[in-house]
Every structure is written in structure tokens, then in C-alpha cells.
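The values are calculated or read from the model by the stated rules, or taken from the named source; none is laboratory data. Remember, it's a predicted structure, so these values are computed and weren't measured experimentally. Methodologically, a virtual Cβ is constructed for each residue, glycine included, from the backbone with ideal geometry; neighbour enumeration extends over all protein chains shown. The accessibility values were calculated without ligands, DNA or RNA, using every heavy atom of the protein model including side chains. Shrake-Rupley method; radii C 1.70, N 1.55, O 1.52, S 1.80 Å.
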Amino acid sequence: MDEDEVEALYTHLVTILTSRRDVDELQGRDDYLTPILAEIEAGKAVPIKLKVPGEREIVDPVAGRRIGSSSSAEFIQRQDFSGREKIEILLRGVEMSVVAPARMAAEINKSLEGLDVNEFDGVLRFGNDVVSTPTRTVTPAELVTTLIEASTLESLINEIRTGLAKPREATI
């Protein structure tokens, strides 16, 4: 893929991901896309060392006459990510936000099923110390569905990475 195709793919992926978010999920920790796009927008920090040339004569009463050399300073400049870097950051963020939690929930459920606990019915109940009832429950059926969707997404991510890694064939 050339840089134009990579940029078009990145724009297309962001459009798809943005359009598929539910309005209810845009609050706080559920909006995984905003920090990913913010990281991409921030760009990468590139250190730049500037030298100011010029000799200057310094007269020191103790050391005598000296000639000073050039001065230098380091600055940090923002540089945009390349198209490939943007896609990789986006894919890595989606993996960490969508695929990893689904796999983790499946592993937790599998571990709990292995315990000798009579009360465990396969339903995961998530809450916090403020409310007495669960704020979210996940049933085994939802867990399987989510894991299948996460596996499909993971396959698509790997397919995109493979496509990006292949050199573009030149046509004459």
C-alpha cells in the first residue's frame, strides 16, 4: 500500500468506528475511541538540537581573555505520525479496548466455573462500592457472543496488519 491508500484506509476505519459507537457509551470510561484519536492527533515528540553559531570574546578579570564557542539548546517538536503509524496505534487501541476485555471476561468466567462454588450460576456481576446492586451483568450467552465478535475483530485487525506489511507491487 502506498501512503495515499494507507491514509484512505485510516480515514475509513475511523469513520466506521465513530459511526458504530452508541451515544450512551460516550460517557467516561466507555468511550475508548477518544483517547486513541487524541494520541494520534498529539503526534510524536521529536527532539531538535539547535546551535547558535558565533564566537564572542569574553574578558574575565580572573581568567583573562577567552573566546566563547557556539551555544546550543534542545527543543521538542511535534511531528505527525505516518499513515502506517496511525493505523497501528488505532489497531492497538481497539485490541486493548475491545478484544482484550472480551478475552479477559471469558478467562475469568472459566476460572470461576472451575471453582467449587455452589452460588455461581455463570453470570458475571460487575458493580462498585457505591451501589448495592450490580451495575452490569454478563450472562454466559453474552460472553460467548462477545468472544466470537472479538475473535472476528481480531482476525480483521491481523488481516489489515498483513496487508500493510506487504510491499506494493509496481505495475509497468
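Odds and ends about this structure:
- Only a single criterion out of (1) without any contact (Cβ under 8 Å) to a residue 12 or more places away in the chain; (2) assigned to a helix (DSSP H, G or I); (3) surrounded by 13 or more Cβ atoms within 10 Å (Cβ to Cβ) is not satisfied by Glu159, namely (3).
- For Ala8, the conditions (1) at pLDDT 90 or above; (2) in a strand (DSSP E or B) all hold with the exception of (2).
- Unique match (being exposed (fewer than 10 other Cβ atoms within 10 Å of the Cβ) and modelled with pLDDT of 90 or more) among Ala63, Ala42, Ala38, Ala73: Ala38
- The residue that is nearest to Ser82 (Cα to Cα), among those in segment 127-155 that are open to solvent by 90 Å² or more (accessible area, probe 1.4 Å) and of a type in the set (A, V, I, L, M, F, W, C), is Ile148.
- Criterion (at pLDDT below 90, under 21 Å from the mean Cα position of the chain (by Cα) and of a type in the set (A, V, I, L, M, F, W, C)) met by exactly one of Leu17, Leu90: Leu17
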